[in-house]
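A short reminder: the numbers here are calculations on the coordinates, not readings from a lab. Since the model is a prediction, treat every value here as computed from it, not as a measurement. With ideal geometry, Cβ positions are generated from the backbone for all residues, glycine too; neighbour counts draw on all protein chains shown.
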Amino acid sequence: MKEQLTIAVSGLNNTDNPGPGIPVIRALRDWKGKDIRIIGISYDHLEPGLYMHDLVDKSYSVPYPSEGSDNLLLRLEYIHQQEKLDFIFPNFDAELFTFMKLAPKLEQMGIKTFLPTVDQFEERQKYRLSEFGEKYGLHVPLSVTVGSVSEVTAAMNQFDFPVVVKGKFYEAFIAYNIEQVYSYFNKLQSKWGLPIIFQQFVYGNEYNVTALGDGKGTTIGAVPMRKLFITDKGKAWAGITLDEPRLLEMTHKLIAANKWRGGMELELIKDKDGKLFIVEINPRFPAWVYLPVAAGQNMPAAAVQMAFGEDVKPFTTYDVGKMFVRYSFDNIVNLSDFQNISTTGEL
């Protein structure tokens, strides 16, 4: 693999509900011995990462995946002509399926990716999590998929309050009565579409694991974290790495069984009896992925290495007690930058 790489990264919405793009870029910038040129790809002209010129060398707007894979491919072909991309790091759940479909064509163009397979992506969907738990011997809260508002009452007969109401791709709300259930159902349907998932609320402490699988059953990296501060959107605003062998054992067991390829995040809750429940599996690196990098495991860089066929040895250690604390920062930009990305699609 050459020392100079041009890597496109999405997920630049570094807000109070941050995408993984900026921390992934920070990880790539920390890759020793590599000269990395970062190309931002954005779906919204106000994604903060567009204007972080110390991290992103150049940015391009791209069409939403909902506009069709052909339109996205045409735009990527243009960007590739301008920038000679070596690798693309998609970081949004909603775009991953499209990029997985495009991966063979991108490979023909000389652009690498390192993504899960379509089967892996589909079987860990929120609405299939119960089946996933049964298949791999994992504890999963009772989950019911609701395809229309007329099914809500029947679904709720299986739950006691509170119940977690989850969107197809993002967002989750805790409902304490039936009025809230309908309110959150309508809110999530209008934003993300159907189905909506109802999930048993598990009382306990929240944990997360960031991991990287090689696609052959080996866990290349895994770092567990406990949330120290959670926003009203349920996002970690502070967290700390833990020495939790059970979390690591579960992660290694899962990746060995389903041969996961690429980054992933496990969201778990440990109840009062010490039982671990998987409440969600995200098919990409999370927004806190820079914490494992700071703790000694640069998983984004390792993913790129494996995409180019390099032999990457699994990380065996990480710093326990390493913390992250997020903060807000007013990034002052020129109106001309916004005008450029809005009118030309480039910045």
Mind checking the angle between helix 245-258 and the chain's longest principal axis? C-alpha axes, 0 to 90 degrees, to the nearest 10. 70
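If you put +1 on each Lys and Arg Cβ and -1 on each Asp and Glu Cβ, how big is the dipole of the chain around its Cα centre, in Debye rounded to 20?
Once rounded to the nearest 20, the dipole reads 500 debye.
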With labels modelled as points extended 7 Å from the Cα through the Cβ direction, what inter-label distance (nm, one decimal) is found for Arg246 paired with Ile178? 3.7
What percent does the relative contact order of the range 1-46 come to when contacts are Cα pairs within less than 8 Å and at least six residues apart? 50
Please check: in the Gaussian network model of the chain (C-alpha springs, under 10 Å), which one of Val144, Val325, Val293 has the largest mean-square fluctuation. Val325
Helix-derived [θ] at 222 nm for the chain: sum -39500 (n - 2.57) over DSSP H runs of at least 4, divide by residue count, nearest 500? -9500 deg cm²/dmol
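If the only charges are +1 at each Lys and Arg Cβ and -1 at each Asp and Glu Cβ, what is the size of the charge dipole of the range 142-200 around the Cα centre, to the nearest 20 debye? Let's see the in-between values first.
Values: 4 positive and 4 negative charges, 45 e Å.
That gives the range 142-200 a dipole magnitude of about 220 debye.
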Candidates Ile278, Ile174, Ile22, ranked by Gaussian network fluctuation over the chain, Cα under 10 Å, top entry: Ile174
Positive end of the charge dipole of the chain (Lys, Arg +1 and Asp, Glu -1 on Cβ, about the Cα centre): tell me which of Ile197, Ile22, Leu268 has its Cα farthest that way. Leu268
Once you wrap a convex hull around the alpha carbon atoms of the chain, what is its projected area averaged over all directions, in nm²? 17.4
With springs connecting C-alpha atoms under 10 Å apart, model the chain as a Gaussian network and identify which of Asn91, Asn186, Asn208 has the largest mean-square fluctuation. Asn186
15 Å tail of the calculated P(r), the range 1-99, as % of Cα pairs: 59
Charge dipole magnitude, Cβ of K and R +1, D and E -1 - the range 77-202, Cα centre, debye nearest 20: 80
Taking Cα pairs closer than 8 Å and at least 6 residues apart, the relative contact order of the chain in percent is 18
Top positive-direction residue, dipole computed over the chain with Cβ charges, set Gly68, Ser130, Phe229: Ser130
Find the centroid of the Cα atoms in the range 106-129 and in the range 131-195, then give the distance between the two in whole Å. 24
Binned at 5 Å from zero, the C-alpha pair distances of the range 142-200 give percents of 4, 23, 38, 27, 8, 0
Which angle from 0 to 90°, rounded to the nearest 10, does the C-alpha axis of helix 178-192 make with the longest principal axis of the chain? 20
